[in-house]
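Here is the structure we will look at.
The values are calculated or read from the model by the stated rules, or taken from the named source; none is laboratory data. Because the structure is a prediction, the values reported are computed rather than measured. Cβ atoms come from the backbone with ideal geometry, glycine included; neighbour counts cover every protein chain shown.
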Amino acid sequence: MDEEAILSFLTDNAQLSDILTRRQFIEIFPKDKRSDPAIASLYRDLSETRARQIRAVQKNIRLECAIRSRVPHESGSENADSARDLDGEDEIENIYSEIIPQREPRKLTLSEMIAYMEEAVSKLTAELEFTDQDSKRMITETGAIVDSLSDLRYKKLSSGSTEQCLAGLEYLSKLLSESNSIT
């Protein structure tokens, strides 16, 4: 499959600003709240989240294209009569057949298939283990930060600990952004 064509089709014009302008977003809120800076901040946060999601989709498309190029598959359009009986996936392939270069199908042996599957399982297992360990670390660190900032909740903050609280909040923000980039 042509990776750039798929990326273009699925991710071009997918930014939040392409779907909903900042002005349109602000107009959703009641008139007396539209000038609140939190609304602009919310739009910015949503835009950043959407951009991260788009990057994740692009990464997954590139990964799938890399995997698909390593494991050849048979074409679903071997004769004209079978074109009438296409399912949804074959219809998509049919639509993009002009922009997607066709390759000669090669049948894999059972041992090759097993090797590809074992490699995929080991990579997925390693990635899951890393993600699980990283999530546990972030949860532990976040809990420690929340506990250390409990003075804010009870308004018992001493003047000397303001810098410490700000540093803790910045670190918490960094952890949250890291966790969002993982997903």
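Restrict the check to the stretch 91-114 and report whether at least one residue is modelled with pLDDT under 85, surrounded by 12 or more Cβ atoms within 10 Å (Cβ to Cβ) and of a type in the set (S, T, N, Q).
Within the stretch 91-114 (the criterion being modelled with pLDDT under 85, surrounded by 12 or more Cβ atoms within 10 Å (Cβ to Cβ) and of a type in the set (S, T, N, Q)), the answer is yes, since at least one residue qualifies.
Starting from the stretch 108-125, keep only residues that are assigned to a helix (DSSP H, G or I) and of a type in the set (Phe, Trp, Tyr), then list their pairs with residues that are surrounded by fewer than 11 Cβ atoms within 10 Å (Cβ to Cβ) and at pLDDT 85 or above whose Cβ atoms are within a distance under 9 Å, requiring at least 6 positions of separation or different chains.
From residues that are assigned to a helix (DSSP H, G or I) and of a type in the set (Phe, Trp, Tyr), there are no pairs.
Out of all the residues in the stretch 145-157, is one or more out of contact with any strand residue (DSSP E or B) (no Cβ under 6 Å at 6 or more places or on another chain), part of a helix (DSSP H, G or I) and at pLDDT 75 or above?
If we filter the stretch 145-157 for residues that are out of contact with any strand residue (DSSP E or B) (no Cβ under 6 Å at 6 or more places or on another chain), which is where we start, we get 145-157.
From the residues that got through so far, the ones that are part of a helix (DSSP H, G or I) too are 145-148, 150-154.
Then keep just the ones that are at pLDDT 75 or above; that gives none.
No, because not a single residue in the stretch 145-157 is out of contact with any strand residue (DSSP E or B) (no Cβ under 6 Å at 6 or more places or on another chain), part of a helix (DSSP H, G or I) and at pLDDT 75 or above.
Where the second residue is hydrophobic (A, V, I, L, M, F, W, C) and the first is surrounded by 13 or more Cβ atoms within 10 Å (Cβ to Cβ) and lies in the stretch 37-49, which pairs have Cβ atoms under 7 Å and are six or more apart or on separate chains?
So the pair list comes out as Ile39/Ile26; Ile39/Phe29; Tyr43/Phe25; Leu46/Leu16; Ser47/Leu16.
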